[in-house]
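A quick write-up on the structure given underneath.
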Amino acid sequence: MAEPPFGLLAELTHRCPLSCGYCSNPVELVRREAELGTARWCEVFDQARALGVLQVHLSGGEPLARGDLPELVEHAAGLGCYVNLVTSGLGLTARRLADLAARGVDHVQLSVQDARPGEADLIAGARAFDHKLAAAGLVRELGLPLTVNAVLHRLNLDRVDGIIALAERMGAQRLELANTQYYGWALRNRAALLPRPDQLARAAEVVAAARERLAGRMELVHVVADYHEAHPKPCMHGWGARQLTVAPDGDVLPCPAAGVIPDLGVENVRDRPLADIWHHSRAFNAFRGFDWMREPCRGCPRKELDFGGCRCQAFQLTGDAANTDPVCSLSPHRAEVDRVLALEPEPAAPVRRGFGR
Amino acid sequence: MSAVDVVPRLRPGVKRSYDEVRRCHVVLFPEGVLVLNETAAAVVGLCDGRNSVRDIAARLAAEFDGVRVADVVELVGRLAERRVVELRG
Ligand SMILES: C[S@@+](CC[C@H](N)C(=O)[O-])C[C@H]1O[C@@H](n2cnc3c(N)ncnc32)[C@H](O)[C@@H]1O
Ligand code: SF4
Ligand code: SF4
């Protein structure tokens, strides 16, 4: 049997007041009517804890769009789980945050779009920048640990120094500088988001210098742009290995993007207990371990490090999820990634992520 | 200053807990979960910002057989690397 998971990514809703063109949410967003109710989510948390989950990431869409968020926080925390609120910060008031903290939120991850209000709000599709500054202030006042997350792409990469300064000003313990991963809306907008190699090189220098300067004060996590690398990322630390995702409608996925892989046999918490899905479903066993691998991964010593990369990326770029992640220089499909990188940059703005509110 | 005089403390946002499912002590923090053996759990329990590594080793020696200061130094070092504890002089 597989080892039990440590983490649950609970995508409480796909509704969101922002519409970031880089959003990794699926292009087919789950509508409000199809969302799990409060009691069902609490049951999901019960089953997740019994299965071994110790960390619950409340995310979405915008988790604050769920009116029952306080109850959900209280329930997950009451089970002894570490509760991480992953939020855009919109809708966070002093009263709401104090209530959420009292009910057991352990950590807040706040996203920012750019270093300056104008550019940031353009990407977010709403007046968001000032709300985020205020939200960070509230988190700090309550003494909760704060991670700031900024998704990097061609339109903001040249201001990475400003983004670092913003996170400092916000009082973050940790800053995640995550180059865009091309799933969902981000894949659709890839041509407008793909950075130039010179931008990446300069940003890497800025980040390295900042890491030294900020040592002991703010931790800097840099997620590299995998299209530009020679080897893939160790996606999810292996399929069905450490974490599971429950989508707003109760679909249980090995990762938030896995819904794109056809005929995976995705199952729903309304139909089957979570533990059964984790251990016995076709979806979770499809790419577990190493037996499913083909060459060049099968005989490659790096497979223990990167697990052959990302199954969703393999499907999206090669049409077969069991292929080696095509960003790998050893993949026979690497040429497809190089072709994309060689395309003329798209001057048009990215399309907005779908429905809000 | 020597490694045994260092005073470790759990970082803000780090929680100790017991996992009934795995039947072991764990620490929970923003980046993940660390599963602890009995000695490591005892060490983490003493990382309160008052005990030095020397104090922790002495307290442990009273409780467990064969505790060596060097092992505690190494363990605290690893906990600091995983950002579970922060170290003060
Ligand atoms: C999908 S969002 C949902 C929570 C909330 N709306 C927010 O933006 O923080 C979860 C996290 O993923 C990050 N994210 C979104 N799209 C991404 C992408 N294409 N690549 C990498 N990270 C992404 C966001 O910045 C956020 O930290
Ligand atoms: S649109 Fe932006 S704020 Fe909304 S879920 Fe996506 S990344 Fe988060
Ligand atoms: S061949 Fe497979 S295992 Fe080897 S580096 Fe490439 S993706 Fe990783």
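Data table
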quantity: Total formal charge among the other residues, if their Cβ is under 9 angstrom from that of B:Ala57, Lys/Arg +1 and Asp/Glu -1; calculated: +1
quantity: Amide H contacts under 5 Å for A:Val112, placed H, 5+ residues apart; calculated: A:Asn149, A:Ala150, A:Val151
quantity: Cβ-defined net charge surrounding A:Ala210, 14 Å radius [Lys, Arg +1; Asp, Glu -1]; calculated: +1
quantity: Integer Hz, Karplus 6.51/-1.76/1.60 couplings in order for region A:140-152, x for Gly and Pro; calculated: 5, 4, 7, x, 7, x, 10, 10, 9, 10, 10, 8, 9
quantity: Nearest-10 value in Å² for the accessible area of A:Glu141, using the 1.4 Å probe; calculated: 150 Å²
quantity: Lys/Arg +1, Asp/Glu -1 at C-beta; region A:165-320 dipole; positive extreme among A:Gln316, A:Gln181, A:Trp278; calculated: A:Gln181
quantity: Largest-first ordering by accessible area, 1.4 Å probe, given options B:Phe29, A:Phe290; calculated: A:Phe290, B:Phe29
quantity: ³J(HN,Hα) computed for each position of region B:78-89 - Karplus, 6.51 cos²θ - 1.76 cosθ + 1.60, integer Hz, glycine/proline x; calculated: 5, 5, 5, 4, 7, 6, 8, 10, 10, 10, 10, x
quantity: Whichever aspartates and glutamates have a C-alpha closer than 18 Å to that of B:Lys15, once near sequence neighbours (fewer than 8 apart) are set aside; calculated: A:Glu74, A:Asp106, B:Glu31, B:Glu38, B:Asp48, B:Glu81, B:Glu86
quantity: FRET efficiency estimate (nearest 0.05) - Cβ-Cβ, B:Phe64 to A:Leu343, R0 60 angstrom; calculated: 0.45
quantity: ³J(HN,Hα) computed for each position of region A:67-73 - Karplus, 6.51 cos²θ - 1.76 cosθ + 1.60, integer Hz, glycine/proline x; calculated: x, 8, 3, x, 5, 5, 4
quantity: Rounded accessible area of B:His25 (nearest 10 Å², 1.4 Å probe); calculated: 80 Å²
quantity: Chain A: most fluctuating residue of A:His280, A:His231, A:His153 per GNM, C-alpha cutoff 10 Å; calculated: A:His280
quantity: Per-pair calculated FRET efficiency, R0 = 45 Å: A:Ala102 and A:His280 via Cβ, rounded to 0.05; calculated: 0.70
quantity: Charge sum, other residues only, whose C-beta stays under 13 Å from A:Gln173's C-beta, Lys/Arg counted +1 and Asp/Glu -1; calculated: -1
quantity: Accessible-area ranking of B:Asp19, A:Asp251, largest first, probe 1.4 Å; calculated: A:Asp251, B:Asp19
quantity: Dipole magnitude (debye, nearest 20) for chain A, charges at Cβ of Lys, Arg, Asp, Glu; calculated: 420 debye
quantity: In Å², nearest 10: area of A:Met218 left accessible to a 1.4 Å probe; calculated: 10 Å²
quantity: Pairwise label distance in nanometres, B:Val35 with A:Arg169, each label 7 Å out on the Cα-Cβ vector; calculated: 4.5 nm
quantity: Gyration tensor verdict on region A:168-285 (Cα atoms; rounded if a/c is under 1.5, prolate if a/b is larger than b/c, oblate otherwise); calculated: prolate
quantity: Neighbour-limited loop hits for GluC sites (Glu not before Pro), region A:17-71 (at most 13 other Cβ within 10 Å; DSSP other than H, G, I, E, B); calculated: A:Glu28
quantity: Under 5 Å, built H, 5+ apart or other chain: amide partners of A:Val221; calculated: A:Leu175, A:Glu176, A:Leu177
quantity: Label point 7 Å beyond Cα of A:Arg270 along Cβ direction - residues of region A:232-256 with amide nitrogen under 11 Å; calculated: A:249-251
quantity: Region A:295-337: trypsin sites (Lys or Arg not before Pro) in DSSP loop, at most 16 other beta carbons within 10 Å; calculated: A:Arg298, A:Arg302
quantity: Cα shape, the protein assembly as shown, gyration tensor, a/c 1.5 rule; calculated: rounded
quantity: Candidate lysines for bridging to A:Lys303, where Cα separation is under 26 Å - those fewer than 8 sequence places away on the same chain excluded; calculated: A:Lys233
quantity: Shape category assigned to chain B from the gyration tensor of Cα positions, a/c cut at 1.5; calculated: oblate
quantity: Theoretical FRET efficiency, 1/(1+(r/R0)^6), r = Cβ-Cβ of A:Ala50 and A:Ala94, R0 30 Å, to 0.05; calculated: 0.25
quantity: Solvent-accessible surface ranking, highest first, for B:Glu74, B:Glu86 at 1.4 angstrom; calculated: B:Glu74, B:Glu86
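The values are calculated or read from the model by the stated rules, or taken from the named source; none is laboratory data. These numbers were taken from a predicted model, which means no experiment stands behind them. Quick reminder, even Gly has a Cβ in these numbers, built from the backbone with ideal geometry, and neighbours come from all protein chains shown. Ligands, DNA and RNA are stripped out before the accessible areas are found, and what is left, the full protein with its side chains, is counted by its heavy atoms. Shrake-Rupley method; radii C 1.70, N 1.55, O 1.52, S 1.80 Å.
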